[in-house]
Amino acid sequence: MSQVVVVGGGLVGCLLAVYLARRGHRVLVFERHEDPRADRISGVRRPSINLTLCERGLAALEAVGVRDQVLRLAVPALGRRIHAPDGHVTYQPYGNRGEAIQSISRRELNAALMDFASAEPNVSVHFQQKCVQVDFDRPSATFEDARTSETSEVEAECIFGADGAHSALRSHLQKTDRFDYSQQYWTQGYRELTMPPAGPMRWPLAEDSLHIWPRGGYMLIGFANHDHSFSCALHLPFEGENSHQSIRTEAGLMEFMRAAFPDAVGLIPNLAAEFFAARANSMLTVRSKPWHHGDEALLIGDAAHAILPSYGQGANAGFEDCLLLDGCLEKHKHDRRAAFQEYEASRRPSMDAMADLCIEHFAELRDRVADPAFLRQKAIERRLNELHPDLYEPLYSMISFTRRPYLDAVRVERRQQEVVARLLEMDRIEERVDTPEVRQMLEDAARGSDGGVAE
Ligand SMILES: Cc1cc2nc3c(=O)[nH]c(=O)nc-3n(C[C@H](O)[C@H](O)[C@H](O)COP(=O)(O)OP(=O)(O)OC[C@H]3O[C@@H](n4cnc5c(N)ncnc54)[C@H](O)[C@@H]3O)c2cc1C
């Protein structure tokens with residue numbers, strides 16, 4: 001049985017370990033932090049951001065038989081509820097056919113994935129082991145024990161870097177010849193806030209939706225948890241007016257929150273304590289190339305391609321990476337280098353397209369979801385999808401509810417948006433979307449389509 005090392009026991013590292021173990025490898029996972037399941041023993045529930053899982057991530061979980069166990073920890077969200085400053089709430093369904101994304105605590109998801117990885121007979125997980133050195137020639141990785149500061153070198157046939165956006169494996173690859181790398185921080189950061197249950201078994205807000213309070217330069221987002229609480233993220237600029245830097249006192253915070261989010265502020269009882277407990281978290285886009293070093297090392301998940309969370313895709317993409325990589329390893333059973341090459345060649349264009357798209361969409365989510373022109377456009381898109389599901393599929397649906405390659409979805413969307421832009425210039429278009437003329441426009445646009453072949 002050949003030995004492989006996975007650096008990072010986060011979401012992607014745990015799932016990858018399951019996939020690799022099922023391929024017959026002896027898998028050693030090294031995680032710099034302590035076991036994410038420690039909360040269960042201590043009974044102390046530490047705060048965690050929530051993620052939304054969609055078809056791509058769920059398909060990758062399904063392939064190793066753990067989809068249903070994960071879904072038991074999640075709350076389905078069928079749409080967005082947009083909260084206006086005057087308290088008016090608008091509902092936007094995610095799809096016309098009752099499609100839902102799944103809201104789940106990242107910490108609980110990580111703990112569940114750690115259970116699945118640990119349950120594999122040929123996986124061993126080593127906590128509080130930080131990767132500090134990688135030798136690509138041997139190949140080997142060196143880990144420092146957080147408790148003793150002692151280091152140990154581990155040799156393996158291949159080293160997988162699933163160690164997130166600030167990957168240690170990647171930083172060692174950066175020193176190898178012709179390795180390209182870039183990172184771009186988003187101008188805003190977020191702080192985590194909690195809305196506890198409104199009473200026994202009662203959610204503080206409608207649990208069937210993501211709740212968004214868009215306010216131009218900043219926003220609040222709330223996700224339902226299965227324990228009837230909501231996890232919220234308050235996104236603010238780092239500097240300037242109404243920013244992490246400018247809000248320094250409890251009085252200042254309360255004044256800002258009451259003015260900006262009057263219907264939310266009363267639902268967050270520990271607002272000041274939570275806000276001032278930690279500094280704001282940053283978010284970044286990472287691009288790296290190549291993702292593999294011969295057949296000795298491979299970057300996967302955020303370590304290879306961190307994206308902004310505007311489409312809720314980082315973990316979904318990382319899980320889908322595992323599924324796609326597994327397909328390539330199956331196809332090239334005796335040639336891992338060929339498997340890595342094919343995986344990267346087919347996957348990279350999609351992740352590059354997503355990186356750009358997520359930056360654009362984050363600005364849109366922050367600034368435009370309450371804008372009447374934007375809402376009108378979304379309503380027309382939904383109507384087109386309702387009337388012509390064979391010819392018009394909203395980008396969000398292609399990304400969240402299909403496994404169409406991201407790049408293909410982006411290309412189809414560009415052609416669809418040209419049609420929507422022309423429709424929006426036409427008189428009384430709302431009354432005319434069901435005419436043969438509009439269908440013809442969509443048919444013409446679709447003829448330029450690349451089709452929807454899964455990666
Ligand atoms: C605010 C926010 C909202 C998000 N929302 C969504 C969403 O709705 N849907 C979605 O799909 N994604 C979402 N994401 C993205 C998602 O969280 C990430 O894409 C995902 O966690 C990436 O998984 P990963 O395993 O690649 O990296 P990580 O989750 O970062 O895990 C990396 C692991 O490696 C360990 N590690 C790091 N360095 C070392 C080292 N030197 N040695 C050993 N171990 C190491 C870390 O401790 C960690 O456990 C969101 C992200 C943010 C910030």
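The values are calculated or read from the model by the stated rules, or taken from the named source; none is laboratory data. Values in this document were obtained by computation on a predicted structure and should not be read as measured data. Cβ atoms come from the backbone with ideal geometry, glycine included; neighbour counts cover every protein chain shown.
Only residues that are within 14 Å of the ligand (Cβ to nearest atom) and assigned to a loop (DSSP other than H, G, I, E, B): list them for the stretch 74-93, please. It would help to see each step written out before you state the result.
As a first pass, look at the stretch 74-93 and keep what is within 14 Å of the ligand (Cβ to nearest atom): 74-77, 80.
Result: ALA74, single match.
Those residues that are acidic (Asp, Glu) and more than 30 Å from ASP137 (Cβ to Cβ), I need them from the stretch 280-320; list them, please.
GLU320
Would you check if there is a residue in the stretch 313-330 being in a loop (DSSP other than H, G, I, E, B) and at pLDDT 95 or above?
Taking every residue of the stretch 313-330 in turn, at least one turns out to be in a loop (DSSP other than H, G, I, E, B) and at pLDDT 95 or above.
From ALA100, ALA63, grab the single residue that is more than 16 Å from ASN50 (Cα to Cα) and among the hydrophobic types (A, V, I, L, M, F, W, C). Give the derivation first.
On the way: ALA100 fails: more than 16 Å from ASN50 (Cα to Cα).
Step by step, each of ALA100, ALA63 is checked, and only ALA63 is more than 16 Å from ASN50 (Cα to Cα) and among the hydrophobic types (A, V, I, L, M, F, W, C).
Checking the condition crowded, with 16+ Cβ neighbours inside 10 Å and not acidic (Asp, Glu), which residue from GLY8, GLY24, GLY65 passes?
On the way: GLY24 fails: crowded, with 16+ Cβ neighbours inside 10 Å; GLY65 fails: crowded, with 16+ Cβ neighbours inside 10 Å.
After applying the criteria, what remains is GLY8.
Can you confirm whether VAL27 is in contact with a Cys (Cβ under 8 Å, 6 or more places away or on another chain), in contact (Cβ under 8 Å) with a residue 24 or more places away in the chain and more than 24 Å from LEU73 (Cα to Cα)?
It is false that VAL27 is in contact with a Cys (Cβ under 8 Å, 6 or more places away or on another chain), in contact (Cβ under 8 Å) with a residue 24 or more places away in the chain and more than 24 Å from LEU73 (Cα to Cα).
Restricting to the stretch 94-106, what's the tally of residues that are among the acidic types (Asp, Glu) and assigned to a strand (DSSP E or B)?
0
Could you please find all residues in the stretch 1-35 being assigned to a helix (DSSP H, G or I) and either near the ligand (Cβ under 9 Å from one of its atoms) or of a type outside the set (Ser, Thr, Tyr) (or both)? It would help to see each step written out before you state the result.
In the first step, residues of the stretch 1-35 are kept if they are assigned to a helix (DSSP H, G or I); the result is 11-22.
Those that are assigned to a helix (DSSP H, G or I) and either near the ligand (Cβ under 9 Å from one of its atoms) or of a type outside the set (Ser, Thr, Tyr) (or both): LEU11, VAL12, GLY13, CYS14, LEU15, LEU16, ALA17, VAL18, LEU20, ALA21, ARG22.
So, in the stretch 119-153, how many residues would count as being of a type outside the set (D, E, K, R) and surrounded by fewer than 18 Cβ atoms within 10 Å (Cβ to Cβ)? Quick ask: steps written out before the conclusion?
Our first condition is that a residue be of a type outside the set (D, E, K, R); within the stretch 119-153, this holds for 119, 121-129, 131-134, 136, 139-143, 146, 148-149, 151-152.
Among the residues that remain, those that are also surrounded by fewer than 18 Cβ atoms within 10 Å (Cβ to Cβ) are: 119, 121-122, 124, 126, 128, 132-133, 136, 140, 142, 146, 148-149, 151-152.
So the answer is 16.
Would you check which residues across the stretch 355-408 are modelled with pLDDT of 95 or more, aliphatic (A, V, I, L, M) and touching a strand residue (DSSP E or B) at 6+ places or on another chain (Cβ under 9 Å) and list them?
Once the filter is applied, which keeps residues that are modelled with pLDDT of 95 or more, aliphatic (A, V, I, L, M) and touching a strand residue (DSSP E or B) at 6+ places or on another chain (Cβ under 9 Å), the stretch 355-408 yields only ALA355.
If you check TYR185, TYR190, which single one turns out to be in contact with a Leu (Cβ under 9 Å, 6 or more places away or on another chain) and surrounded by fewer than 16 Cβ atoms within 10 Å (Cβ to Cβ)? Reasoning before the result, please.
Working: TYR190 fails: surrounded by fewer than 16 Cβ atoms within 10 Å (Cβ to Cβ).
Result: TYR185 is the single residue among TYR185, TYR190 that is in contact with a Leu (Cβ under 9 Å, 6 or more places away or on another chain) and surrounded by fewer than 16 Cβ atoms within 10 Å (Cβ to Cβ).
If you check ARG56 against the conditions, is it within 14 Å of the ligand (Cβ to nearest atom), at pLDDT 95 or above, part of a helix (DSSP H, G or I) and within 24 Å of the chain's Cα centre (by Cα)?
Numbers: within 14 Å of the ligand (Cβ to nearest atom): yes; at pLDDT 95 or above: yes; part of a helix (DSSP H, G or I): yes; within 24 Å of the chain's Cα centre (by Cα): yes.
Considered against the rule, which asks whether it is within 14 Å of the ligand (Cβ to nearest atom), at pLDDT 95 or above, part of a helix (DSSP H, G or I) and within 24 Å of the chain's Cα centre (by Cα), ARG56 comes out as yes.
Could you check, for the stretch 274-281, whether at least one of its residues is touching a Ser or Thr at 6+ places or on another chain (Cβ under 8 Å) and under 30 Å from GLN133 (Cα atoms)? Before you say what the answer is, go through the steps one by one.
Going through the stretch 274-281, the residues touching a Ser or Thr at 6+ places or on another chain (Cβ under 8 Å) turn out to be 274.
If we keep only those that are under 30 Å from GLN133 (Cα atoms) as well, we get none.
Within the stretch 274-281, none of the residues are touching a Ser or Thr at 6+ places or on another chain (Cβ under 8 Å) and under 30 Å from GLN133 (Cα atoms).
Inside the stretch 315-342, can you point out the residues that are without any contact (Cβ under 8 Å) to a residue 24 or more places away in the chain and within 16 Å of the ligand (Cβ to nearest atom)?
none
Please specify each residue of the stretch 108-133 satisfying the condition of being out of contact with any strand residue (DSSP E or B) (no Cβ under 7 Å at 6 or more places or on another chain) and farther than 21 Å from ASP39 by Cβ.
Matches in the stretch 108-133: GLU120, PRO121.
How about the stretch 409-430: which of its residues are among the hydrophobic types (A, V, I, L, M, F, W, C), at pLDDT 90 or above and either closer than 21 Å to ARG347 by Cβ or more than 28 Å from the chain's Cα centre (by Cα) (or both)? Lay out the reasoning, then the answer.
In the first step, residues of the stretch 409-430 are kept if they are among the hydrophobic types (A, V, I, L, M, F, W, C); the result is 409-410, 412, 419-421, 423-424, 426, 429.
Still in the running and at pLDDT 90 or above: 409-410, 412, 419-421, 423-424.
The answer is ALA409, VAL410, VAL412, VAL419, ALA421, LEU423, LEU424.
Identify, from the list HIS211, HIS244, HIS226, HIS235, the residue that is in a loop (DSSP other than H, G, I, E, B) and crowded, with 19+ Cβ neighbours inside 10 Å. Let's see the steps before the verdict.
On the way: HIS211 fails: in a loop (DSSP other than H, G, I, E, B); HIS226 fails: crowded, with 19+ Cβ neighbours inside 10 Å; HIS235 fails: in a loop (DSSP other than H, G, I, E, B).
Step by step, each of HIS211, HIS244, HIS226, HIS235 is checked, and only HIS244 is in a loop (DSSP other than H, G, I, E, B) and crowded, with 19+ Cβ neighbours inside 10 Å.
Please verify whether the stretch 268-281 includes one or more residues that are crowded, with 19+ Cβ neighbours inside 10 Å, of a type in the set (Val, Ile, Thr) and near the ligand (Cβ under 10 Å from one of its atoms).
No; the residues of the stretch 268-281 include none that is crowded, with 19+ Cβ neighbours inside 10 Å, of a type in the set (Val, Ile, Thr) and near the ligand (Cβ under 10 Å from one of its atoms).
Could you list, in sequence order, all residues of the stretch 36-53 that are within 13 Å of the ligand (Cβ to nearest atom), assigned to a loop (DSSP other than H, G, I, E, B) and not hydroxyl-bearing (Ser, Thr, Tyr)?
Result: PRO36, ARG37, PRO47, ILE49.
Could you check the stretch 369-447 for helices (runs of 4 or more DSSP H) lying wholly inside it with 1 or more residues that are within 27 Å of GLY314 (Cβ to Cβ)? Let's see the steps before the verdict.
On the way: elements: 372-387, 395-401, 406-424, 429-432, 436-447.
So the answer is 372-387, 395-401, 406-424.
Considering only the stretch 107-121, I want to know if a residue exists there that is in a loop (DSSP other than H, G, I, E, B) and either touching a residue at least 60 places away in the same chain (Cβ under 8 Å) or not small (Gly, Ala, Ser) (or both).
Residues of the stretch 107-121 in a loop (DSSP other than H, G, I, E, B): 120-121.
Adding the requirement that they be either touching a residue at least 60 places away in the same chain (Cβ under 8 Å) or not small (Gly, Ala, Ser) (or both) leaves 120-121.
Scanning the stretch 107-121, I find at least one residue that is in a loop (DSSP other than H, G, I, E, B) and either touching a residue at least 60 places away in the same chain (Cβ under 8 Å) or not small (Gly, Ala, Ser) (or both), so the answer is yes.
What are the pairs with Cβ atoms under 9 angstrom where one residue, in the stretch 256-276, is β-branched (Val, Ile, Thr) and the other, located anywhere, is surrounded by fewer than 17 Cβ atoms within 10 Å (Cβ to Cβ)? Sequence gap at least six, or different chains.
VAL265/MET254; VAL265/ARG258; ILE268/PRO196
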